[in-house]
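J.: Take a look at the following structure, please.
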Amino acid sequence: MLYALQAPFRLIFEWFERLFDKPFGPPWNPLRQLGTLAFFFFWVAAVTGIYVFIFFDTSLSGAYESVEHMTHEQWYYSGVMRSLHRYSSDAMVVTMMLHLVREFSRDRYRGVRWFSWFTGVPLIWLLMVSGISGYWLVWDQLAQYVAVGSMEWLDWLTIFGEPVANNFLTRGSLDDRFFSLLVFIHIFGPLFLLFGMWIHILRVNRAITNPPKALALGSMVVLVVLSFLMPAVSNPKADLAIAPSTLNFDWFYLFMYPVFDEWGGGAMWAVSVGLSLFVCVMPWLPRLKEVSAPEVMLDKCNGCTRCAEDCPYGAISMVPRTDGRPFEQQAIVDHDICTRCGICVGACPMSTPFRHEGKVKTGIDLPQMPLDNVLEKANAVMLKAKAESTAEQPSILLIGCDHGGEIAQAETSGTKSFSLPCIGMLPPSFVDYALSRDGVDGVMLTGCGDCDCYHRIGIRWTSDRMAGLRDPYLRKRVPRDRLHSFWGGGGELDVLETEIDHFRERLSTLNSDVEGHEGEPS
Amino acid sequence: MKEEFNVYLYAVPLVVFGPIFLYILWNFGIRELIKIPGEMRVQKKVDEERAEKFEKERKRKRGVKAIGVVRGPNDSPLGYAMQAVMYAAFALGVGYFAANPSYTFIPPDQAQIKLSISHPGQKKEACVKQSRAELAKLSPNMRTAMKCGRERWPVYIEMELDGKRVFAKTSQPKGLSNDGPSIFYQKFTVPAGKHEITVRIRDRGGNDFNFQRSESITLTGSQIFVASFDNLGHKVTFR
C-alpha cells in the first residue's frame, strides 16, 4: 500500500521540482533544500525568540501588555521580530512536513536510513510543543483557548491527581507560578528540538544543515517583508470568565484543536499517537530487502582511504592492518550504516578494467554486483550499441543509476544502457575503457536529478572525478567531447532524450571529422 | 517513639535494581552517548583535513571544465524576478494560514457551563483503635494508634439543566488503593439566557444524594459558568 502512495507523491514532487528549477536553478531550488531550510527557519525563530523574550513580561498580568507594547509601540522593530518569530516557526512546519513527505516519496526512509526517519518523528512532536507553547505566552483569547484545550487533552490521560485544566477554570485559578511553567516549556521545547535535530543527522556524513546563501537570504528577505506587510497581532486579552469566540487561528500549529473540539481527547490521542507510531514503523513496512554490504578485499586494498573519504554515510573507517601486508591501514565497512550504494567501489583506484587477469578484482566490491559483472554488462551493452550503430546513429553507452529515471526508455538504435546502484559506483577508468580502441563512440552518464542524488553525493563525486577534480581522476587521454552527462532524474526523461540527441549529433560530427582526417594524404 | 531507620529497605532495592537499571541505560544509549564528543572531535579533524586537501586540489586545477550539462543557480535578472514571485507566493501562504481562516470556538450567543469537581468519597471503613498487643506485632514504622482503611467510595454526580438530566457519572477514586479524589470534568455549550441548573452528589454509597444545589441562572453570551465543589465548606458551588 505504501508503494502505491509513493508513486503519486513522487510525481507531484517531480512536477513541482521541475517548475521550481526554472526560476531558481537546481542548487537554489527550495524543494531540494527542505531539510536545510527547516534548520534555517529554526535558527531564525531561535534568534528572534531570544530577542522577543528580553522584552517579554513573564508574569500573568504583564504578558499580554508586553506583547502588545512590542507589537504596536515598537512595531518597526520588536513587532517585526515577533512576526518573524511566528512566520519562521510556521515556515519550519511547512518545510519539515514537505521534507518528510518528499523523503517518503523518494523511498529514502527504509533500510539503514531508518535511523534518520525514526528520529525525525519525535521532532514533529517537539516542534508542535514548541510552537503551541509559544501561543500560550501571548495570553490572549487564542492562548486561553489553546491552553485550556491542551490541558483538557492531557487530562484525558488521567495521569494527574487533579485535572490540569482546573488551573484555567475561573479568574484567579491561574497564578504566575503556573504561567512561568508555560514559559519554561517554550524554552525547553526548542532546546530539546535542537538536540533531536542533531541526533536526526548524526548518521549522515557531511550533513548539510545550511541552505545556499542566496536561498537563505531570499527566505529571510521574504519573511521580513511579510512581517512588515502582515504583522503578527494578538487576539483580545484572555479572560477565564469569558469563553473565546471567533479566533484568528494559526492552522500550521493549531489544526488539531478544532478536531479535538469535535472528536474529544480519546480519539485525538488515538489519531496522533497512532499516526506517529505508524510513521515510526514505516521503514519496516515492508523492510527494505538489503543486499550484502561491500566487502573489502585485503589482497587488493592498500589502505589509500579514498573509499572512506567518499562514503556518504561514514560507513567505512580505516583501521590498523591485520593481514601483515606492508601498509598502515585497511578499510572496514560498518554494515549497519552502509546503504550499499557502491560509491566506495567507484572511489577505489584498483577498480579498473584494464589491468586484470581473468576477473576484475578491486579493493572493495559489492557482492550483489561485483565490478567484474559491471564490466561484463558494459561489454555486452557496448557490443549491442556498436552492432546497431551507423554514421548517423553513433554508438553510445548510456550509464544511469537505479534511482533515476527508467533509462531503458531512452534507448534507441545505437544507444544502449545499463544502470548501477549509484552513478558514483562508476570508476572513471571504465569511461576510459569504454572510449578506448574497441569501445563505443560516446559515453553518456545520467542518474538522479541535480542536487538530488539518492545516495546524497554520488553525482557530485562522479562529476568531480570526470572533471579531474577528485581522485580517482578520469585520465587526460580520454577525449572529453565524447563524454557527456545530464542529471535529470525520473522527472526529466524527455530532456534526457533531447540531450542524447544533441550528443549523438556531436558524435556524428566528430566521427566524420576523424574519417575526414584519416582520408587525407599524410 | 523515634522510628528506626531501616537501611536495608533502601539499600537492597538500590543494590539489586540499581545495577540492572544502569546496565539498561548503558546499553540503551549512554555508552554511545559518551563516545560522541570524542568521535566528533576526531571526525571534525579528519573532515577538515579532507576538505583542505580537496580545496588544494581544486585550486591547483582551477579552470578544469566540468563534463556534460551543469545547471547552476539561475542568477539572471529574469530568474531573480521569477524567484521573487515564488517567494511572494510562499509568503502569502504562510502569512494567510498563520491567522486565517478564523475559527469560531463558541458562537457569541452561546455560553459555556463547566462541571469541574474533584471530590474524595467518604471512607468505606471507619477507623479502629489498635490494642497494645496488636501494635507490638507491627514493625516500628507501622505502629499507629488508629487503624484506618484507605479505600473510599466512588462518587456519583448528576447534573440537570432546565429539568433535563445532561450528566450522570460515577467516578472511581484515584490512587492504587482507591484512596484519592474522584474527578469529574465536563463542558456544556448552552444558549445565552435563563437556565435552571441542579447538581447532585453521592459520595458514600447507597441511593441518597448527600449534596445538592439548584439555582436559576442567567448566562450572557460567551460567559463561562462553573459548577464545582468546595471540599472545605462541603457544598456545591456555582461561579
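Read-outs: derived from the displayed coordinates by stated rules, not from any lab. All figures in this text were calculated on a predicted structure; none of them were measured in a lab. Here Cβ is always computed from backbone atoms with ideal geometry, including for glycine, and neighbour counts include all displayed protein chains.
J.: By how many nm would the segment from residue A:176 to residue A:392 lengthen if fully extended, with 0.36 nm per residue of separation less the alpha-carbon distance?
T.: Gain on stretching residue A:176 to residue A:392: 69.5 nm.
J.: Give me the number: length gained by fully extending residue B:31 to residue B:70, i.e. 0.36 nm times residue separation minus the C-alpha to C-alpha distance, one decimal in nm. Working shown, then result.
T.: Working: separation 39, 0.36 × 39 = 14.04 nm, distance 4.52 nm.
Extra length from residue B:31 to residue B:70 when fully extended: 9.5 nm.
J.: Something else: Over 21 Å between Cα atoms: which of A:300/A:416; A:22/A:416; B:164/B:187; B:124/B:169; A:384/B:65 fall into that group?
T.: Numbers: A:300/A:416 32 Å; A:22/A:416 30 Å; B:164/B:187 16 Å; B:124/B:169 19 Å; A:384/B:65 31 Å.
Too far apart for the 21 Å limit: A:300/A:416; A:22/A:416; A:384/B:65.
J.: What FRET efficiency, computed as 1/(1 + (r/R0)^6) with R0 = 41 Å and r the Cβ-Cβ distance, is obtained for residue A:53 and residue A:359, rounded to the nearest 0.05?
T.: About 0.05, to the nearest 0.05.
J.: Students often forget the sequence filter, so: which lysines lie under 16 Å Cα-Cα from residue B:123 once same-chain residues fewer than 8 apart are removed?
T.: Hits, sequence-local ones excluded: B:147, B:174.
J.: Starting at the first residue of the stretch B:99-113, write each ³J(HN,Hα) from the Karplus equation 6.51 cos²θ - 1.76 cosθ + 1.60 with θ = phi - 60°, in whole Hz, x for Gly and Pro.
T.: 8, 9, x, 5, 10, 9, 6, 10, x, x, 8, 10, 10, 10, 10
J.: Counting Lys +1, Arg +1, Asp -1, Glu -1, what net charge surrounds residue A:256 among other residues with beta carbon under 13 Å of its beta carbon?
T.: Neighbour charge sum, excluding residue A:256 itself: -4.
J.: Something else about it: Give me the dipole magnitude in Debye, nearest 20, for the protein assembly as shown about the Cα centre, with unit charges on the beta carbon: positive for Lys and Arg, negative for Asp and Glu.
T.: So the magnitude is around 2040 debye.
J.: Using a cut-off of 28 Å between alpha-carbon atoms, which lysines can reach residue B:35, once sequence neighbours fewer than 8 places away in the same chain are excluded?
T.: Once the sequence-local lysines are set aside, what remains near residue B:35 is B:44, B:45, B:53.
J.: Ignoring the sites themselves, what is the longest stretch of chain A with no GluC sites (Glu not before Pro) in a DSSP loop and at most 14 other beta-carbon atoms within 10 Å?
T.: Longest stretch, sites excluded: A:1-289.
J.: For a quick check: with amide H placed at 1.01 Å from N, whose amide H comes under 5 Å from residue B:147's, ignoring anything fewer than 5 positions away on the same chain?
T.: Answer set, sorted by chain and number: B:128, B:129, B:130.
J.: Moving to a separate point now. Please identify the DSSP H helices in chain A that span no less than 20 Å along the helix axis (Cα) and have a mean Kyte-Doolittle hydropathy of -0.5 or more.
T.: Numbers: long enough: A:2-24 (32 Å, 0.22); A:34-55 (32 Å, 2.14); A:80-105 (36 Å, 0.32); A:114-137 (36 Å, 1.22); A:141-155 (21 Å, 0.27); A:176-200 (35 Å, 1.48); A:213-229 (24 Å, 2.25); A:265-281 (24 Å, 1.85); A:371-388 (26 Å, -0.02); A:493-519 (38 Å, -0.73).
Qualifying helices: A:2-24, A:34-55, A:80-105, A:114-137, A:141-155, A:176-200, A:213-229, A:265-281, A:371-388.
J.: Helix by helix, which DSSP H runs in chain B go 20 Å or more along their axis at the Cα atoms and have an average Kyte-Doolittle hydropathy of 1.6 or more?
T.: B:7-25
J.: Report the net charge of residues surrounding residue A:293, where surrounding means a beta-carbon distance below 13 angstrom and charges are Lys +1, Arg +1, Asp -1, Glu -1. Let's see the in-between values first.
T.: Numbers: positive: A:340; negative: A:290, A:295, A:334, A:336, A:365.
Result for the neighbourhood of residue A:293: -4.
J.: Going by amide H atoms built from the backbone, whose H comes under 5 Å of the H on residue A:398, apart from near neighbours?
T.: Long-range HN contacts for residue A:398: A:416, A:417, A:418, A:444.
J.: Roughly how many Å is it from the Cα centre of the stretch A:207-270 to that of the stretch B:124-171, as a whole number?
T.: Taking the Cα centre of the stretch B:124-171 as reference, the centre of the stretch A:207-270 is 47 Å away.
J.: May I ask for the distance between the Cα centers of the stretch A:75-140 and the stretch B:78-107, given as a whole number of Å?
T.: First find each Cα centre; the distance between them is then 17 Å.
J.: Compute the Cα gyration tensor for chain B, then decide on rounded, prolate or oblate, letting a ≥ b ≥ c be the square roots of its eigenvalues: rounded whenever a/c is under 1.5, prolate when a/b is larger than b/c in the other cases, and oblate in all that remain.
T.: oblate
J.: Here is a further query. Would you calculate, for chain A, the mean residue ellipticity at 222 nm contributed by helices, counting each DSSP H stretch of 4 or more residues as -39,500 (n - 2.57) and dividing by all residues, to the nearest 500?
T.: After summing the helix terms and dividing by the residues of chain A, the value is -16000 deg cm²/dmol.
J.: For the protein assembly as shown, build the charge dipole from Cβ charges (+1 Lys, Arg; -1 Asp, Glu) around the Cα centre, then report which of B:186, A:72, A:444 sits farthest towards its positive end.
T.: Of B:186, A:72, A:444, it is B:186.
J.: At what distance in angstrom do the alpha carbon centres of the stretch A:287-318 and the stretch A:152-202 lie from each other?
T.: Between the Cα centres of the stretch A:287-318 and the stretch A:152-202 lies a distance of 46 Å.
J.: Taking +1 at the Cβ of each Lys and Arg and -1 at the Cβ of each Asp and Glu, which of B:43, B:98, B:120 sits farthest along the dipole of chain B towards its positive end, judged by Cα position relative to the Cα centre?
T.: Positive-most Cα among the choices belongs to B:43.
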